[in-house]
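The values are calculated or read from the model by the stated rules, or taken from the named source; none is laboratory data. Note that the coordinates shown come from a computational prediction; the quantities given were computed from them, not determined experimentally. Note that we place each Cβ from the backbone using ideal geometry, even for glycine, and neighbour counts take in every protein chain shown.
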Amino acid sequence: MCDWMAACAELVSPVWKRMKEVVLMSKAVQTDDTPVPVRDRVTRTRTGRIWTYVGDRNGPYIVYDYTGDRRREGPEEFLQGYGGYLQADAYAGYDAMFKPRQPYLTEVACWAHVRRHVFEAQTSNPCRATVILAYIQLLCAVEREVREAKLNTEQRRELRQAKSLLSKIIGSPSSTHCKERV
């Protein structure tokens, strides 16, 4: 069965290569990895990685890439020559790709990952963490509104700006209400 899958993968590799080219023409690419158990020909099981690369509207594909480990060489090789915005988690392997010597790649943080760490911080500073979670919730509400309205790029920018100004006018969560922990 594994041989069948390998034969199928070989047949569709030109399609995969073209999809990769199109994704890498995107202005923004989102990536993340998922651990998968891999059984060697011997009876040992190790952890491999399936990396997902999602293009934007101009490169509307999702491309998967497998690596046998989580070293940065995997995404670095896949993204070689890419210039644009890369949305990824805080995996340290990406850090070298965002160094000033490679100014063509702009790091975009992932709010889902940020939110998870802030949520965990509630145990050490509940007031500040709650305020930050409220801000993240406001941002997510604006993004939900933008997505549902199916706006073009300029309209999305205008709505985001208007919502940001509105929150400043009517008030929003403030960390000034939190007392410092000593």
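Observations on the structure shown:
- Any hit, region 8-29, residues being modelled with pLDDT of 90 or more, closer than 26 Å to His117 by Cα and surrounded by 14 or more Cβ atoms within 10 Å (Cβ to Cβ): yes
- Residue in region 29-38 that is in a helix (DSSP H, G or I), in contact with a Phe, Trp or Tyr (Cβ under 6 Å, 6 or more places away or on another chain) and of a type in the set (Val, Ile, Thr) present: no
- The set of residues in region 3-32 being in contact with a Gly (Cβ under 8 Å, 6 or more places away or on another chain) and under 16 Å from Asp65 (Cβ atoms) consists of Val22, Val23, Leu24, Ser26, Val29.
- So Arg144, is it under 27 Å from Thr34 (Cβ atoms), under 21 Å from the mean Cα position of the chain (by Cα) and either at pLDDT 85 or above or not in a helix (DSSP H, G or I) (or both): yes
- Filter result (under 21 Å from Asp89 (Cα atoms) and either over 17 Å from the mean Cα position of the chain (by Cα) or outside the structural domain of Leu105 (by TED's automatic domain parsing) (or both)) within region 38-65: Thr47, Gly48
- Residues located in region 68-80, provided they are in contact (Cβ under 8 Å) with a residue 24 or more places away in the chain and not charged (D, E, K, R): Gly68, Gly74, Pro75, Phe78, Leu79
- Arg116 satisfies every condition listed in (1) closer than 30 Å to Glu21 by Cα; (2) under 17 Å from the mean Cα position of the chain (by Cα); (3) modelled with pLDDT of 85 or more; (4) in a helix (DSSP H, G or I) except (1).
- Considering Gly93, Gly84, the condition of being among the small types (Gly, Ala, Ser) and in contact with a Ser or Thr (Cβ under 7 Å, 6 or more places away or on another chain) is satisfied by Gly84 alone.
- Being out of contact with any strand residue (DSSP E or B) (no Cβ under 6 Å at 6 or more places or on another chain) and outside any helix (DSSP H, G or I) is a property that Met5 lacks.
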